[in-house]
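Data block below; observations after.
Just so you know, all these numbers are worked out from the coordinates, no wet-lab data involved. The model shown is predicted, which means the values in this text are computed figures rather than measured ones.
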């Protein structure tokens, strides 16, 4: 008998999609930003099957999973208190610090300009995505499309860069957000809020940076990924929700697809 829970496709696609949709149908009835937590539940259900919840010792993947949980708590706090003043600078600094914490063990192998560029570039990428989570906070269609495209690009690129675990985790985000995106087309997606956006964008940032520093993901892919939340905010005519979601998703998938192609070229094909 086949153990379906050990199947990577089930772990990274089927389970997070199913959990996200089921949780959203329940949580959206309570209003506020609770619906956004459905994506979090879908992702961490996948985490449980993929690697479990053993957090120590604090290796890179453990840091990523723990950082996501901390970002969920912060997102809920900021949503509850409706904090606006100085929120973007605060999130930038916090996200940049988390990224630097993730890649800290590599610093002893770097020196000079290579060290400075790694710290500044990777830290800026994490802070940039955290800041854009605030810009997308009240724009559900745009938020879902941006996170889905970013996680798809990060996931497939990570797989090609020879880091299957990071790829699986990023694709689990895509599946969980994809469930919410589908319900958003039907007007049942609920509001995203920072409780969803902050952890999901931070996780994408950490997985992308981790794939650059610890695997073979080309650094310039991060620049392409950084453009995705900006493309999600392009002004469009007043279209039906489903058409807006389709167009925004197509725009966001463009840099993600380019990044996947460039990684394919750099890796010379599938590494497995």
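Below, the figures for the structure above:
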read-out: Extended-chain gain in nm, criterion 0.36 nm per residue less alpha-carbon gap, residue 234 and residue 257; value: 6.4 nm
read-out: The chain - mean residue ellipticity at 222 nm from DSSP helices (-39,500 (n - 2.57) per run, n ≥ 4, rounded to 500); value: -24000 deg cm²/dmol
read-out: Ellipsoid semi-axes in whole angstrom, largest first, where each is sqrt(5λ) of the Cα gyration tensor of segment 4-267; value: 26, 20, 19
read-out: Stretchable slack from residue 115 to residue 4, in nm (0.36 nm times residue separation minus alpha-carbon distance); value: 35.6 nm
